[in-house]
1. Would you be able to tell me the number of residues in the range 81-124 that are in a loop (DSSP other than H, G, I, E, B) and over 24 Å from residue 66 (Cα atoms)?
2. With more than 10 Å from residue 82 (Cα to Cα), of a type outside the set (D, E, K, R), under 21 Å from the mean Cα position of the chain (by Cα) and open to solvent by less than 100 Å² (accessible area, probe 1.4 Å) as the only criterion, which of 148, 143 stands out?
3. Would you be able to tell me the number of residues in the range 151-172 that are crowded, with 17+ Cβ neighbours inside 10 Å and either among the hydroxyl-bearing types (Ser, Thr, Tyr) or out of contact with any helix residue (DSSP H, G or I) (no Cβ under 6 Å at 6 or more places or on another chain) (or both)?
4. Only one of (1) open to solvent by 80 Å² or more (accessible area, probe 1.4 Å); (2) within 30 Å of residue 171 (Cα to Cα); (3) part of a loop (DSSP other than H, G, I, E, B) is not met by residue 127, so which one is it?
5. From the list 78, 113, pick out the single residue that is open to solvent by less than 40 Å² (accessible area, probe 1.4 Å) and of a type in the set (A, V, I, L, M).
6. Could you check the range 104-123 and list, in sequence order, the residues that are out of contact with any Leu (no Cβ under 7 Å at 6 or more places or on another chain) and either among the charged types (D, E, K, R) or under 18 Å from residue 166 (Cβ atoms) (or both)?
7. Output the number of residues of the range 136-172 satisfying the condition of being without any contact (Cβ under 8 Å) to a residue 24 or more places away in the chain and touching a strand residue (DSSP E or B) at 6+ places or on another chain (Cβ under 8 Å).
Amino acid sequence: MLRLPADLGRAALSRFREAACLPLAEGRESTGRRCASERGSAVVEFILLSLLLMVPVVYFIVTIGQIQGGSFAVVGAADQAAKVYVMQKDNSQGRLAAEQAALLTLADYGHSAERAFVDVACDRGDCLSAGAAVTVTVKLTVPLPMLPFGDTLNLDAANLSASATQIVGRFR
């Protein structure tokens, strides 16, 4: 028997309705057994897949936020340490004050002093002579967030560093 395109369309529609567990048209009965057993599984699959996909995405966003906060902290610490250093009377007080300023700035951003390193360098022998350039470099290790054994395993998200240079003024 020759089938017309309309007959093919109706046959395809009835197969789709049966596969999608929709009521069939024209009074035909569906099998119903397979459809009843799969009722509610879409919600479970959605929750499972959303958890599997969303948890890593949220963790990635939190980690990127920690790295960004650490970069702000390092830049601010280096800038403040260089400014404090050039205001001191002698080199030993300058180094001590610069380290304290850098560590205080890092603490304001929530980073511990154990993960930071402060280095002071000058372009001359006498760092506090007029016109001398003082460069402070601050290095910080940012740990991975929310890890229970992150400190013992030494799992770090990033190693950040920043430098700031200040010129010692002629009139102090």
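1. Residues meeting the conditions: 7.
2. On the way: 148 fails: open to solvent by less than 100 Å² (accessible area, probe 1.4 Å).
So the residue among 148, 143 that is more than 10 Å from residue 82 (Cα to Cα), of a type outside the set (D, E, K, R), under 21 Å from the mean Cα position of the chain (by Cα) and open to solvent by less than 100 Å² (accessible area, probe 1.4 Å) is 143.
3. Selection size over the range 151-172: 1.
4. Failing condition for residue 127: (1).
5. On the way: 113 fails: open to solvent by less than 40 Å² (accessible area, probe 1.4 Å).
So the residue among 78, 113 that is open to solvent by less than 40 Å² (accessible area, probe 1.4 Å) and of a type in the set (A, V, I, L, M) is 78.
6. 104, 105, 108, 114, 118, 119, 120, 121, 122, 123
7. 5
The values are calculated or read from the model by the stated rules, or taken from the named source; none is laboratory data. Remember, it's a predicted structure, so these values are computed and weren't measured experimentally. When we count neighbours, we look across all protein chains shown, and the Cβ atoms used for this are built from the backbone with ideal geometry, even at glycine. Ligands, DNA and RNA are excluded from the accessible area calculation, which covers all protein heavy atoms including side chains. Shrake-Rupley method; radii C 1.70, N 1.55, O 1.52, S 1.80 Å.
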